[in-house]
2 protein chains.
Amino acid sequence: MRKARVRLRDVADKTGFSTNTVSLALRDSPRIPPATRELIRKVAADLDYFPNRIAQSLVSRQSMTIGLVLTDIRNPILTQVAQEIARALSESGYATLFATSDNTTDREIDAIRAFRGRQVDGILIYPTEHRDIEHVRSLRDQGYPVVSLVSDREKALDTVSVDEHLGARKISEHLVAIGRRRIALLDSAAPLGNTEKQEGYVEALTEAGLPPDPALCVAVPGHGIEDGYRATAALWARGGRPDAIFATTDSVALGVQRWCEDNDLAIPGDIAIAGFDDIEYARLSSVPISTVVYPVEQIARTAVERLIELIGVNGPLPPPAERLLDPKLIVRQSTAGTNAGAGH
Amino acid sequence: MRKARVRLRDVADKTGFSTNTVSLALRDSPRIPPATRELIRKVAADLDYFPNRIAQSLVSRQSMTIGLVLTDIRNPILTQVAQEIARALSESGYATLFATSDNTTDREIDAIRAFRGRQVDGILIYPTEHRDIEHVRSLRDQGYPVVSLVSDREKALDTVSVDEHLGARKISEHLVAIGRRRIALLDSAAPLGNTEKQEGYVEALTEAGLPPDPALCVAVPGHGIEDGYRATAALWARGGRPDAIFATTDSVALGVQRWCEDNDLAIPGDIAIAGFDDIEYARLSSVPISTVVYPVEQIARTAVERLIELIGVNGPLPPPAERLLDPKLIVRQSTAGTNAGAGH
């Protein structure tokens, strides 16, 4: 910023102490008497003195700044993740550099480059693609602290995530348990190569003796309500007649619900609806939607803790660790009717 | 980050050119032949060389980093604002440092201090309180580039915002025009001292000869769906019987809608509902909700342009400029029935 910067020298001149004493006092060193420390701090505040972290970082080689890359914070869950991470980092004295990749790997790579140019101490990332993440793994290989919010099948990254496979399996098993037999999948993850939820769904149905019907599996090109609405319309248009729909996000599930309401299908009588994430809009929808919880705060805190731990390591980093959180199922009105859908 | 940094020197050694030539080539100087530039760029990329922006910033006194402070990005509109601002800044070569204030002025002040310590070139802020913003005005007074996303009555700040007063007035006039006479206000802004929307509502009702009834004006302690639900319950519990409700955010309006549905009130027959913001969840709700558009992209782009303009000024900053965008009204099903509510 433009203003002539107040320097340590100015605080020293004003107080009559040496710059060394001022510097120690502002870092709260016990080598300076408490009364002196207080006096110097007061003068520094009056002069509007800010320690120049940029100059400090050239000496300490720490910028006390973290880069956070998310795909798209319009997904309310990633919004909350961003907010919780920024808060947790701030409590530990770190600032958060923020970028979204708009679900493209190219922009993700650009963001990482921009962050590295600004000497971030570490990177937290929710990668666009869960598999094609060599650009993230290579950071780790080079010894950079990085934590991914998506699990890595090659276990080459530190990760903190919810067990999407198990979560999808649990909610699919629930749909089976309430008597549904034609369970559709509206999948906004698979088009990005992220097949964990799909696999959980397939596993649950197969084990129940209900081999998944390709006619009931729809790729959804986005994570929003409108995407869910259009996908449901498309499913019906091509003759799919499910008695339950599992949507891979709550926003997509809300779109399913809207389409069913517009077409006079009873929920859950004619069709049970389940989502994933546990967002407020689905919890407080006209028919509250059953879902799997994405534990935002736990994920944010755990990821920040791990990243700070990696930053603090002297010497080579420890082997990557995977933290897979157990997903909690929440049953609400949208799947509350048992054995109701078999005759549709 | 920990790894031994690749330096300009390394690129020079590898290519056989001087550090000066390498530096010019990487800044794409026409003084270096194109073929040489390309060779040097390729070697730099192979070596994984990143220009040290931190060192550069000590020389240029520009960090190419902006601080963004928002109140709470769980409000989907502020989420979109954050994303659009980060995108627009990135297109201009700036990185975004991000913090939320959780709607407290103390955390806002902390965030500004943290950003100044990191030498941001300017600050974009959506302040918690619209009036009590001396800490923001004083930045401007000291010559720091700062743009607020909320208008400033004292005109001491550069601001880019939607005209909330006019927007609230327009939607209240609309409720009058469709024949509503007992129009309630569910106000989540006034408790924070932000009375623009309240004033627009009072003005519209007063001019229509419908002096606002204090029994129909409810302070809502938060901006979420649940806040709107509880506030509507409280309004009914104390005997308020409106035929229309204007909620100061769409999320609050969604809570109103849920309560009305749970209590078998027809929308808009028994009660018309209007919000503010134009979020997807309200647009695609079971009864789509009439609203005033918060023009996210226009606000983000305009604010970023102005901030970059201020950063580029040599010498004293120009006088603060206010940009107040005209709010657009969108009528949907929640207020579509005309003259239906008078007899409730």
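Given the conditions (1) away from every other protein chain (no Cβ under 13 Å); (2) under 22 Å from the mean Cα position of the chain (by Cα), report the number of the one that residue A:281 does not fulfil.
Going through (1) away from every other protein chain (no Cβ under 13 Å); (2) under 22 Å from the mean Cα position of the chain (by Cα) one by one, residue A:281 breaks only (1).
When you look at residue B:202, is it part of a helix (DSSP H, G or I), open to solvent by less than 20 Å² (accessible area, probe 1.4 Å) and not polar (S, T, N, Q), yes or no? It would help to see each step written out before you state the result.
Working: part of a helix (DSSP H, G or I): yes; open to solvent by less than 20 Å² (accessible area, probe 1.4 Å): no; not polar (S, T, N, Q): yes.
When the stated conditions are applied, residue B:202 does not pass them.
Inspect all residues belonging to segment A:193-212 and state whether any of them is farther than 21 Å from residue A:150 by Cα, at pLDDT below 95 and not hydrophobic (A, V, I, L, M, F, W, C).
yes
Scan segment A:175-192 for residues that are farther than 23 Å from residue A:225 by Cβ and not charged (D, E, K, R) and report the count.
4
Mind listing just one residue for me: the one in segment A:131-144 that is touching a residue at least 40 places away in the same chain (Cβ under 8 Å) and out of contact with any helix residue (DSSP H, G or I) (no Cβ under 7 Å at 6 or more places or on another chain) and, of those, farthest from the other protein chains (Cβ to nearest Cβ)?
So in segment A:131-144, the residues touching a residue at least 40 places away in the same chain (Cβ under 8 Å) come out as A:131-132, A:140, A:143.
Adding the requirement that they be out of contact with any helix residue (DSSP H, G or I) (no Cβ under 7 Å at 6 or more places or on another chain) leaves A:131, A:140, A:143.
Working: A:131: 23, A:140: 11, A:143: 5 Å.
Only one residue fits best here, namely A:131.
Out of (1) in contact (Cβ under 8 Å) with a residue 40 or more places away in the chain; (2) surrounded by fewer than 21 Cβ atoms within 10 Å (Cβ to Cβ); (3) under 17 Å from residue A:86 (Cα atoms), the odd one out for residue B:66 is which?
(2)
Go through segment A:95-111 and count every residue that is touching a strand residue (DSSP E or B) at 6+ places or on another chain (Cβ under 7 Å) and more than 9 Å from chain B (Cβ to nearest Cβ). Even if it seems obvious, please write down each step before you answer.
Just the residues of segment A:95-111 that are touching a strand residue (DSSP E or B) at 6+ places or on another chain (Cβ under 7 Å), to begin with: A:95-101, A:108, A:111.
Next, from what is left, pick out any that are more than 9 Å from chain B (Cβ to nearest Cβ): A:101, A:108.
The qualifying residues number 2.
When the residues of segment A:81-94 are filtered to those that are open to solvent by 30 Å² or more (accessible area, probe 1.4 Å) and over 15 Å from residue B:101 (Cβ atoms), which remaining residue is farthest from the other protein chains (Cβ to nearest Cβ)?
Residues of segment A:81-94 open to solvent by 30 Å² or more (accessible area, probe 1.4 Å): A:87, A:90-93.
Adding the requirement that they be over 15 Å from residue B:101 (Cβ atoms) leaves A:92-93.
Values: A:92: 12, A:93: 9 Å.
So, considering only residues that are open to solvent by 30 Å² or more (accessible area, probe 1.4 Å) and over 15 Å from residue B:101 (Cβ atoms), the one farthest from the other protein chains (Cβ to nearest Cβ) is A:92.
Condition check ((1) over 21 Å from residue A:198 (Cβ atoms); (2) open to solvent by 50 Å² or more (accessible area, probe 1.4 Å)) across all residues:
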position: A:267; (1), (2): yes, no
position: A:274; (1), (2): no, no
position: A:285; (1), (2): yes, no
position: A:306; (1), (2): yes, no
position: A:319; (1), (2): yes, yes
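Suppose we filter segment A:181-199 for residues that are touching a His at 6+ places or on another chain (Cβ under 9 Å), in a loop (DSSP other than H, G, I, E, B) and more than 16 Å from residue A:163 (Cα to Cα); how many remain?
Selection size over segment A:181-199: 3.
Go through segment A:60-80 residue by residue and tally those that are within 20 Å of residue A:311 (Cα to Cα), more than 9 Å from every other protein chain (Cβ to nearest Cβ) and in contact with a strand residue (DSSP E or B) (Cβ under 7 Å, 6 or more places away or on another chain).
2
Please give the number of the condition residue B:226 fails out of (1) within 14 Å of chain A (Cβ to nearest Cβ); (2) surrounded by fewer than 20 Cβ atoms within 10 Å (Cβ to Cβ); (3) not in a helix (DSSP H, G or I).
For residue B:226, the failing item is (3).
Show the residue pairs meeting these rules: Cβ distance below 6 Å; 6+ apart or different chains; first residue within segment A:289-304 and in contact (Cβ under 8 Å) with a residue 60 or more places away in the chain and open to solvent by 10 Å² or more (accessible area, probe 1.4 Å); second residue among the polar types (S, T, N, Q) and part of a helix (DSSP H, G or I).
Close Cβ pairs (under 6 Å, with a partner that is among the polar types (S, T, N, Q) and part of a helix (DSSP H, G or I)) amount to A:296/A:80.
If residue B:167 satisfies all but one of (1) open to solvent by less than 10 Å² (accessible area, probe 1.4 Å); (2) in contact (Cβ under 8 Å) with a residue 60 or more places away in the chain; (3) farther than 23 Å from residue B:74 by Cβ; (4) under 20 Å from the mean Cα position of the chain (by Cα), what's the number of the condition it fails?
All conditions are met except number (3).
I'd like the full set of residues that are over 29 Å from residue B:160 (Cβ atoms), within 9 Å of chain A (Cβ to nearest Cβ) and either of a type in the set (A, V, I, L, M, F, W, C) or in contact (Cβ under 8 Å) with a residue 60 or more places away in the chain (or both), limited to segment B:253-278.
Passing the criteria: only B:257.
Quick test of your reading of the structure: residue B:99 fulfils all but one of (1) in contact with a helix residue (DSSP H, G or I) (Cβ under 6 Å, 6 or more places away or on another chain); (2) crowded, with 23+ Cβ neighbours inside 10 Å; (3) in a helix (DSSP H, G or I). Name the failing condition by number.
The single condition residue B:99 does not satisfy is (3).
Quickly run through segment B:102-111 and pick out the residues that are surrounded by fewer than 19 Cβ atoms within 10 Å (Cβ to Cβ), touching a residue at least 24 places away in the same chain (Cβ under 8 Å) and not aliphatic (A, V, I, L, M).
Filtering segment B:102-111 for residues surrounded by fewer than 19 Cβ atoms within 10 Å (Cβ to Cβ) gives B:102-107, B:109-110.
Next, from what is left, pick out any that are touching a residue at least 24 places away in the same chain (Cβ under 8 Å): B:102-105, B:109.
Matches in segment B:102-111: B:102, B:103, B:104, B:105.
What number of residues in segment B:296-321 are touching a helix residue (DSSP H, G or I) at 6+ places or on another chain (Cβ under 9 Å), assigned to a loop (DSSP other than H, G, I, E, B) and not hydrophobic (A, V, I, L, M, F, W, C)?
Matching residues across segment B:296-321 total 2.
Looking at (1) within 14 Å of chain A (Cβ to nearest Cβ); (2) closer than 17 Å to residue B:323 by Cβ; (3) surrounded by fewer than 22 Cβ atoms within 10 Å (Cβ to Cβ); (4) of a type in the set (Ser, Thr, Tyr), which is the only condition residue B:151 fails?
Evaluating residue B:151 over (1) within 14 Å of chain A (Cβ to nearest Cβ); (2) closer than 17 Å to residue B:323 by Cβ; (3) surrounded by fewer than 22 Cβ atoms within 10 Å (Cβ to Cβ); (4) of a type in the set (Ser, Thr, Tyr) leaves (1) as the failure.
Give segment A:117-139 a look and list any residue that's at pLDDT 90 or above and part of a helix (DSSP H, G or I), or say none.
Correct list: A:134, A:135, A:136, A:137, A:138, A:139.
Of these, A:181, A:153, which one is basic (Lys, Arg), touching a residue at least 24 places away in the same chain (Cβ under 8 Å) and on the phi < 0 side of the Ramachandran plot? Walk me through how you get there before you give the answer.
Numbers: A:153 fails: touching a residue at least 24 places away in the same chain (Cβ under 8 Å).
Exactly one residue qualifies, and that residue is A:181.
Looking at A:255, A:240, can you tell me which residue is in a helix (DSSP H, G or I), touching a helix residue (DSSP H, G or I) at 6+ places or on another chain (Cβ under 7 Å) and either in the same structural domain as residue A:184 (by TED's automatic domain parsing) or open to solvent by 10 Å² or more (accessible area, probe 1.4 Å) (or both)?
Values: A:240 fails: in a helix (DSSP H, G or I).
That would be A:255, the only listed residue that is in a helix (DSSP H, G or I), touching a helix residue (DSSP H, G or I) at 6+ places or on another chain (Cβ under 7 Å) and either in the same structural domain as residue A:184 (by TED's automatic domain parsing) or open to solvent by 10 Å² or more (accessible area, probe 1.4 Å) (or both).
For segment B:112-129, enumerate the residues that are more than 10 Å from every other protein chain (Cβ to nearest Cβ) and either within 23 Å of residue B:63 (Cα to Cα) or open to solvent by less than 10 Å² (accessible area, probe 1.4 Å) (or both). Walk me through how you get there before you give the answer.
Step one: list which residues in segment B:112-129 are more than 10 Å from every other protein chain (Cβ to nearest Cβ), which gives B:112, B:124-129.
If the condition is that a residue be more than 10 Å from every other protein chain (Cβ to nearest Cβ) and either within 23 Å of residue B:63 (Cα to Cα) or open to solvent by less than 10 Å² (accessible area, probe 1.4 Å) (or both), then B:112, B:124, B:125, B:126, B:127, B:128 are the ones that fit.
The values are calculated or read from the model by the stated rules, or taken from the named source; none is laboratory data. Everything quoted here is computed from the prediction, not taken from an experiment. With ideal geometry, Cβ positions are generated from the backbone for all residues, glycine too; neighbour counts draw on all protein chains shown. For accessibility, only protein heavy atoms count, side chains too; no ligands or nucleic acids. Shrake-Rupley method; radii C 1.70, N 1.55, O 1.52, S 1.80 Å.
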